[in-house]
Each structure stands twice: as structure tokens, then as C-alpha cells.
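Undergrad: Below is a structure I'd like to ask you about.
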Amino acid sequence: MVESETSKERPFAPGGIALLAILLTAVSAASAAPSGRGGGAEISFSSPPTPPPVPPTLSILLPEFPGSGTGDVLLQDRWSAAPAGCSWGPEWSTWALPSAGEAGGVFTLPDASSTEFVPASLTAMRSEVAVHSSVVLTCGDSNRTVEGVAFANVTTYPAPVLSDLSARPNDPAAPGRVVLDGFLAGGRPPYLLGVVWGDGTSTNRTLLAPGEFQVPHVFFSGDFQPRVGVYDADRIDVRAELPDPIEVGNGTRLSVDSTEPLAEVGVPVEFRGSAEDPGVHDGAAIACGAVPVVHPGLTVTNVTCVPAASGTLPVTFKLGVSAPSARDQVTFDQPVAPPVTVVVRPVDDALDSGTATFLRLTIAGGVPPFRASWSVRNAPLGARSNLSSDGSLLVPWTPSFTGEARLNATVSDALGVSAQSLVMKVTVAPAPHLALVAYGSASRASTTVQVDATLVGGSPPIVWSLVTASTPPTEALPLGESNSGSFNWSATYSSEGLATFDLEVEDAAFTLETNSTSAELPVGPNVQVSGTPSALPGSAVLNLTLTTEGGQLPFDIWVNSSDGPLWNGTEASPGPYEESLSLGATGTVAVSVTLLDARGGSAEANLTVTLPPALPPAPPTPPPGSASPGTPPPISGSGPDLAPWAAGAALAAVAIGLVLARGRRAARTAEEPAPDPEAILERLLSPADGADRLTIELMAEEEGVPLETVRRTLDRLIRDGRVRSETDPDGGEVLAWAAA
């Protein structure tokens, strides 16, 4: 049954589809007429509007009924004919279920003009489907897009089903009236019901609606197995058979009773046969697994059997009767369970001492209820009574030992049959202990931290996870698996301070162990500076003290002043460091110190000092035979007049410089870079008016400059005019630093 609707007012979405109104309009206007002569009024004419073409309509084409009732339904959108002079272009379509909560199904081609609807919620019986379609309407040179929405109701039916077939009663005396009961669901009415009774007759009946039905029939003596078939309106058929045969006797009712509802292999069970209204007979007999032989005049109604196999044991009770149509025997199927067995084993393959786990106790066969007990190393672990069925149960167990042990279990059932499990050998590992250590190795700009962990005891493999609250490392995430019980992990940190690590491991026995450790990351460098100025003849000296904290050795240090560079060097040992620096400036001087450690960390310090004026040069000591000390010779000029009088002052300055140089040399280590020879020579020669070249070379060598380098540097400075060189009366060479 199909209902089709077009242009409904509802949104196009689940729960409703919007109506898209389509209006096609065309308007034409005529141009104005020419104006009249002589300046008369202009008159214009316009043609009447052309009525728009009739808008096309959209509908859904489908059969009145689905051809197979429950099969797929073919759906197709259908536009009405295009207006005169127009034609349709390519189209698209979208299919949907407006009320998905009331009906269900899928569209095989949801974006095509033709699709199949496959119903899913067949109990909904009715599914509303909708299509939204768009086409291009071409009228001459004009193209317009036309859209439409259409709805249709598709009625679907579940497949017919027969259920709950039974006969009342199923063992009447002949002739006996039996009513066949059943239930019919699904399909499309009306239905044709047919029953084949098994006695050579049949019954046909029409059902106008699904539901319960009853069909009576009269049987004569015998055993009968009725069969039922149904055709619905779509010729879909379903067939079923009565689960138990109908047994019609001649008035005698036979039965077999058992002492056990469930027997067990190897356990004796007793059966008793009885007859109600037996009438005239020639004796009775009962047997297990076979048809008994009836001896006339001998009645045997009890038998004890020992089942040899699980499943069912047929027990037959028979009467000796003369009427061929009389019911003369009945068979009872005794259910038989297999012998009871029990198995015990740990749930987990790996076991740790002190870690809780479970034992799985599995009982099979036997007759419930059961009683079970289990033990390890012959020590009872637990027991359970009144277990209502066989199967598996879990019992908790926490091993308190290490090494190998034996598990066993015992079970007994309701018939008193007992069974012992096979011995299960298990190995319990020592309780795990987690050892954790971390250490850091600092380098320039970073510190590499290594974390070593070892799980002693426990059961491999272990799964480990490391959590660090420090700056995230540059390496992979700290987690993994180890079969050896030990592992290590490293990461590079650029931060400073203390790195903390929390480790969590779980071994194969699900034992959880945690531990924590930490590693020092070097602290950044810090430097402080203090200084005391003092005066020397011709110059001022600043005695500096540099104090450092933290950082990573070695340190590169630069000391500069507002008057220019003073000193730089490398220190491989921790401070404090002391330096005596000669300053050519006077008054207030700003001194800055910059320190760079091995990891690239830097620190700065500043100092402002007021320098005292330099002392005048000490008067020279005249040589023997020279003029009295009160008549000093001239100290300027050229030739031999310069050297004798400059020697005294030069030697004093040289001696002071030699002492300072020895102090600085003793404070440095072999790891310092080579000093600047030009700077050292300038410092040695600046305070002296003249100094012996050999002495200056020795002092520069004491400062750490190779002698050959000193000589080459002096020769170059003399050539450049930055150092004056004269010959004294004794033939020696006297040097002085030339003023800028």
C-alpha cells in the first residue's frame, strides 16, 4: 500500500522535509512609442504580461505493494512534463526518512533519481520516505533551476513466522479429540493455513489476521506428527512441525519413573514402570537400552541400570496385549551426566610472592550440587559447598612463598561421587624490589641525565613508565618494556636545578612497584667583583678579587674598563681569583667583568673605583765615579745621554713589574690561553723612561710569552715607531714606550 504526497510543508531534515516553493515568472515590456509632432504629449504603450508556465511537479513512483513483501522497494522520483517550448536538463536527487524514529531503513543510492529502499525496522510497518530533487529548466536562451520535494508512504511487512505449536492433549485415548494451537506473526494478510495431521488427512483454513489460531482434529490410536504451513498474500510461505508427536492409545496409560532426575556414568539408578487401566494383558517387562521381552503371566516393573555413557539412556516399559491397535509400550529417556572432574590452575601465568591473584576451579560433569576444596603444598586454601552447577569459579589466592609448589583440588557431587584433580605445578617468583638511580653529565648548554633501574625478583616482562616533573626532555617518551628486569633511559635537559623522576613498573604477575629519584642539574654561574686601587711610580694599580658561584667549569673571564680592555683568561678551577691590573687612566674608572661557563651560562659584575694619582718616578742612583746625587744628569735627548740616567728608574719599574708578573703567573694554570705579547710589552715599558732590553725580554717571558715571540714583537714595534730604542755607553740596548 502506497500513499504519495507532493509539496508538503515540512523541513527537509530528519523529522521533516522543507517544501521548496517553485515559482517561474516571465515579464516582457514593450518600448515606448514615438512622440507626436508639434510638441504634443508623448504616449507610450506596453503589452500585457505573459503568464508564467505552469510549474512542474515532483512525485515518487513505486509499486502499490512491494513485490516480495519484505524485500527491497524500488523508488523513483518523477517530474511532470516540461512546459511547452522548454526542456529538462541534468538532475540530482537526495532521499531521506523524515521520521527516522518511527521507521528505519537505508537507501542503496541515496543521491540518485532511482534507488531501492531496504527496510530495517520492519515492526514499524509503515515508512515515510521523501525525495528532494533539482533540475535545470531550459526555455529558449533562459536557464532556471527548479527544485521540488515529494513524500510517499511505503508499507512493509515482517516475514511470516509460526511459533508456539502444541497439541492439547498430546496423549489422548482413542478416539481422541486434539486441538492444535499456534501463533502466526508477520506477513501480509489474508493467510492460507494448512495442517497435515500425519494420519492421511489434512485441514485448510483462511486466517484474516495474524495472531493465535486453533485447529481441532480427531485421532484414532497411533503416534502422529502433524506439520503446519502458511501462505500470506504475497505467497511467502513458512512451515513448522509439532515438536513432540501425538500419542493416541486405546485407554491404557503407561509411564516410567526414575529415582534420579540426572544420572551419572557409573552410578546405579533405579527405574519403575507403571500402567493405568491396563485391561487384559499377558504380563509386563522393563529394560534399559532395549525393548524388553514380555513373558506371559510374569510382571516385571522395576529395573536398576548403571549408565555406561553420558547423554541419554532409553528405558522402555512394555505390556503384552492382544489388540493390534492397542498402545503397548512407552520409552523414557534418562539424562546421564559424564563423570565429575575438577581442574585447578592459576589465572595468571606469572606469580609473585605477596601479590594477590586468583585460582580458576573448573568442575565438569557430575550431578549438582557440588562441594569442592583446594590446597597448595598439602595445606588447605579454601572450600565451597552447595555449588549449584558445574563450570568455573575464581577463588582468591596470595602466595606467601617462593619457588615451586603443587596445587590440587577435590570435588564431590550430589550422588557422592568424588574426583581428584591432576597436580598443577606452579613457580612463585620472589617479591619484586625496584632499584633506581639517576646521574647527570653536564656539557656546554645542556645536561644529560641517565636513569638506571633494576627490578630484582618479580616475573618478566615488565612494563615501565617514567614521569618527570622537570622541563620536558628532548628524547622519546620515557616508557617501554623489558624482559631482563633492568633498563635505562636518558634525556638532555637545558634547564638548571633539580630533576625529579618517578618510576612505575608492573611485571607479568601484575605486581606494581614505584620508586623515585632525582639528579642535580648545574646551577647557573654568578660572579662578584671587588677591588682596591693603589699608586705606583708612573701608574696606578687596581687589585681585583673575582668571586664565583655555581656554573660549570672551566670559566672564560673578560675584565674591561671604561679606559679599554684590561685582561681576559680561562680559569679551570673555582675562584676566588685575584688580579693586579695596571691602569693608565686617572680619576674615576668603571670596571666590568663578564663570565661564561662551560654550558654557555653567563654572569656579569661591575665596579666603579677612583684611582689615586701616579707617584713620580724614583730618582736614579748614579754609578760610581759619576756626579753627586744632587746634580742629576738630563734624561732626555739622544745617544748615550739617555741610557745612564734612565737605568735607575727603569730598573725600579722593571722590578715592580717582574714581581707582579710572577704573582699573576703563579695564579694561573696551564690551561689558560697564551697571553697577548704586545699588551704585556706595553704594560712593562709604559711606566719606565728607559729599560734594558734583556731585562724586558726576561720579564715578558715570565709573563708566559715565548722568548722568540717577545723578540719578534719588539723588533716589529721598534720598526713601527711605537717603541724607542737607543744604545747605552756600555753597548746595551735601552727601550722606552713611545708616547701616542
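The values are calculated or read from the model by the stated rules, or taken from the named source; none is laboratory data. This is a predicted model, so every value here is computed, not measured. Neighbour counts are summed over all protein chains in view; Cβ atoms, including those assigned to glycine, are modelled from backbone coordinates with ideal geometry. Heavy atoms of the whole protein, side chains included, go into the accessibility calculation; ligands, DNA and RNA do not. Shrake-Rupley method; radii C 1.70, N 1.55, O 1.52, S 1.80 Å.
Undergrad: With among the charged types (D, E, K, R) and closer than 26 Å to D507 by Cα as the only criterion, which of D413, D390, D349 stands out? I'd like the intermediate steps shown before the answer.
TA: On the way: D413 fails: closer than 26 Å to D507 by Cα; D390 fails: closer than 26 Å to D507 by Cα.
Matching residue, one of D413, D390, D349: D349.
Undergrad: Mind listing whichever residues of region 269-282 are exposed (fewer than 15 other Cβ atoms within 10 Å of the Cβ) and either part of a strand (DSSP E or B) or without any contact (Cβ under 8 Å) to a residue 40 or more places away in the chain (or both)?
TA: Matches in region 269-282: E270, E276, D277.
Undergrad: Please note which strands (runs of 3 or more DSSP E) are completely contained in region 345-435 and include at least 3 residues that are touching a residue at least 12 places away in the same chain (Cβ under 8 Å) and either within 19 Å of E264 (Cβ to Cβ) or polar (S, T, N, Q) (or both). I'd like the intermediate steps shown before the answer.
TA: Working: elements: 357-364, 370-376, 379-387, 391-397, 403-412, 418-420, 424-429.
Hits in region 345-435: 357-364, 370-376, 379-387, 403-412, 418-420.
Undergrad: Looking at A209, A173, which one is open to solvent by 40 Å² or more (accessible area, probe 1.4 Å), over 21 Å from P243 (Cβ atoms) and under 60 Å from the mean Cα position of the chain (by Cα)?
TA: On the way: A173 fails: under 60 Å from the mean Cα position of the chain (by Cα).
When all the criteria are applied, what remains is A209.
Undergrad: Any idea how many residues of region 331-344 are assigned to a strand (DSSP E or B), more than 30 Å from G457 (Cα to Cα) and open to solvent by 60 Å² or more (accessible area, probe 1.4 Å)? Please lay out each step first, then the result.
TA: First, pick out the residues of region 331-344 that are assigned to a strand (DSSP E or B): 331-337, 341-344.
Filter once more, so that each one left must be more than 30 Å from G457 (Cα to Cα): 331-337, 341-342.
Going one step further and asking which of them are open to solvent by 60 Å² or more (accessible area, probe 1.4 Å), we end up with 331-333, 341.
Residues flagged as assigned to a strand (DSSP E or B), more than 30 Å from G457 (Cα to Cα) and open to solvent by 60 Å² or more (accessible area, probe 1.4 Å) within region 331-344 amount to 4.
Undergrad: Still on this structure, I have one more. Does E260 satisfy being under 60 Å from the mean Cα position of the chain (by Cα), surrounded by 12 or more Cβ atoms within 10 Å (Cβ to Cβ) and closer than 24 Å to P339 by Cα?
TA: Values: under 60 Å from the mean Cα position of the chain (by Cα): yes; surrounded by 12 or more Cβ atoms within 10 Å (Cβ to Cβ): yes; closer than 24 Å to P339 by Cα: yes.
The answer is yes for E260.
Undergrad: Consider region 492-516. How many of its residues are open to solvent by 50 Å² or more (accessible area, probe 1.4 Å) and of a type in the set (G, A, S)?
TA: 2
Undergrad: Also, I was wondering about something else. With the checklist (1) open to solvent by less than 40 Å² (accessible area, probe 1.4 Å); (2) touching a Phe, Trp or Tyr at 6+ places or on another chain (Cβ under 7 Å) in hand, flag the one item V215 doesn't pass.
TA: (2)
Undergrad: If you don't mind, another one. Can you spot a residue in region 447-454 that is in contact with a Leu (Cβ under 7 Å, 6 or more places away or on another chain) and β-branched (V, I, T)?
TA: Pass one, region 447-454, residues in contact with a Leu (Cβ under 7 Å, 6 or more places away or on another chain): 447, 451, 453.
Checking the rest, the ones that are also β-branched (V, I, T) come to 447, 451.
Yes.
Undergrad: Please find, within region 517-570, the residue that is farthest from the chain's Cα centre (by Cα) out of those that are aromatic (F, W, Y) and surrounded by 16 or more Cβ atoms within 10 Å (Cβ to Cβ). Explain how you work it out, then say what you get.
TA: Step one: filter region 517-570 for residues aromatic (F, W, Y), giving 555, 558, 567.
Still in the list and also surrounded by 16 or more Cβ atoms within 10 Å (Cβ to Cβ): 555, 567.
Working: F555: 47, W567: 59 Å.
Per the criteria, the residue is W567.
Undergrad: Look at F183 and say whether it is surrounded by fewer than 16 Cβ atoms within 10 Å (Cβ to Cβ) and modelled with pLDDT of 90 or more. Walk me through how you get there before you give the answer.
TA: Values: surrounded by fewer than 16 Cβ atoms within 10 Å (Cβ to Cβ): yes; modelled with pLDDT of 90 or more: yes.
Yes; evaluated as a whole, the condition is true for this residue.
Undergrad: Among the candidates A240, A152, A159, which residue alone is at pLDDT below 90, within 60 Å of the chain's Cα centre (by Cα) and part of a strand (DSSP E or B)? So that I can check it myself, show each step before the final result.
TA: On the way: A240 fails: at pLDDT below 90; A159 fails: part of a strand (DSSP E or B).
On inspection, the qualifying residue turns out to be A152.
Here's the yes/no breakdown for (1) under 14 Å from P158 (Cβ atoms); (2) at pLDDT 80 or above; (3) more than 43 Å from the chain's Cα centre (by Cα):
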site	(1), (2), (3)
G67	no, no, yes
D72	no, no, no
W92	no, yes, no
A100	no, no, no
L109	no, yes, no
S114	no, yes, yes
